[in-house]
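Structure record follows, encoded as structure tokens.
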Amino acid sequence: MLEDLNNKYEKYKPELGGKFKPLECQPRQKLAIIIPYRDRRRHLIDFLSHMPPMLLRQQVEFTIFVIEQDTPEIFNRALMMNIGYLEALKQDDYSCFIFHDVDMYPINDYNIYQCSTSPTHMAVAVEKWKFGMPYDAYYGGIVAYPKTIMEKTNGFSNLYFGWGCEDDDLGPRLEVVGLKFARPPAVYARYATPVHSRDKGNPKSPDRFRLLKNAKNRIWYDGLNSVVYNVSKIEKKKIYTHIHIAVDRQKLEEVGKLMI
Ligand code: UDP
Ligand code: MN
């Protein structure tokens, strides 16, 4: 239960909204963990049971933001990541952003949650891929971006409604600005992943390959500078911040249509 976790973490004295700071030092970075989310309560409870203790052992200053898509029905992971970034910055001056699937749990404390100057793909040794990755250009699961690089890449694409390729889009986008992903060593960047079925409201996107083919051409039009959404509710819980989002798909796609 989430309420039990509140008690468990009381001794760390998080500020409302789940702002945790190490008690013995002043970290250089302020980390926002952004979780694109809908209807995964079991996974969220496991995530919140697991992450704060590990991050506190690592002496990280952090807040977890759960970005829940209320509407429309078809889920858009990268869009929730963009919105999470913008909303987190309204709360505090975060310098490092880790975009994190709710169903990946780090199992090695040496997998440090901080940003370097490069964008970093962190899901390197993933249980469901036999503690590997499905292909070399896999950028799924978890990525870390310092704020400066989010600004440089105009964030992520807003147009991937449904499952697939929104993560592959990150590679070409970084290429345009002359960057590529770094990766931590596989011995550290290990993740446990529960088995689950495909969610209702997240069918394979029929547009995904067409969008991906076009990724490099859209970067300056489709991203942080073109995102439109409404915040329906911000819940500052004791150990995390839960933000509910309503999106108008048609409005977003008007921007995209010009480029596709
Ligand atoms: N997700 C979610 N609700 C959904 C679909 C996706 O919360 O209905 C989020 C969740 O954080 C999940 C991530 O998006 O971990 C990636 O989706 P999924 O787990 O379906 O991808 P896969 O397991 O195929 O990599
Ligand atoms: Mn999953």
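Any read-out appearing in this document is the output of simple, stated calculations on the displayed coordinates, not a laboratory observation. All of these numbers come straight from a predicted model, not from anything done at the bench. Cβ placement follows ideal geometry from the backbone for every residue including glycine, while neighbour counts extend to all protein chains displayed.
Annotations
- The range 59-135 and the range 138-217 have their alpha-carbon centroids 11 Å apart.
- Against the chain, whose longest principal axis is taken from its Cα atoms, helix 77-91 shows a tilt of about 50°.
- Size of the chain as Cα extents on the principal axes (Å, biggest first): 53, 39, 35
- Sorted ascending by nearby beta carbons within 10 Å, beginning with the fewest, 232, 205, 197, 95 become 197, 232, 95, 205.
- Chain lengthening between residue 3 and residue 92 when straightened (0.36 nm per residue, less Cα-Cα): 29.5 nm
- Structure remark: mean-square fluctuation, Gaussian network model of the chain, C-alpha springs under 10 Å; the largest value among 220, 163, 129 belongs to 129.
- Candidates 96, 165, 25, ranked by Gaussian network fluctuation over the chain, Cα under 10 Å, top entry: 25
- Net charge of Cβ neighbours under 15 Å - reference residue 172; Lys, Arg +1; Asp, Glu -1: +1
- For the range 131-260, projected area of the alpha-carbon convex hull averaged over all directions, nm²: 10.0
- Note that the range 204-217 has calculated 3J(HN,Hα) couplings of 3, 6, x, 8, 4, 6, 5, 5, 5, 4, 9, 3, 5, 6 Hz, one per residue in order, obtained from phi through the Karplus relation 6.51 cos²θ - 1.76 cosθ + 1.60 (θ = phi - 60°); glycine and proline are x.
- Loop sites in the range 119-162: trypsin sites (Lys or Arg not before Pro), DSSP, at most 11 other Cβ within 10 Å: 130
- Arranged from fewest to most other beta-carbon atoms within 10 Å of their beta carbon, 222, 248 become 248, 222.
- Looking at the range 1-107, the trypsin sites (Lys or Arg not before Pro) that sit in a DSSP loop and have at most 12 other Cβ atoms within 10 Å of their own Cβ are 28.
- Lone cysteines, the chain (no partner Cβ under 4.7 Å): 25, 165
- Neighbour-count order for 133, 51, fewest beta carbons within 10 angstrom listed first: 133, 51
- Given in Å, the Rg to one decimal and the Dmax to the nearest whole number for the Cα atoms of the range 187-260 are 17.0, 44.
- Available extension along the chain between residue 26 and residue 175 is 50.2 nm, counting 0.36 nm per residue and deducting the alpha carbon span.
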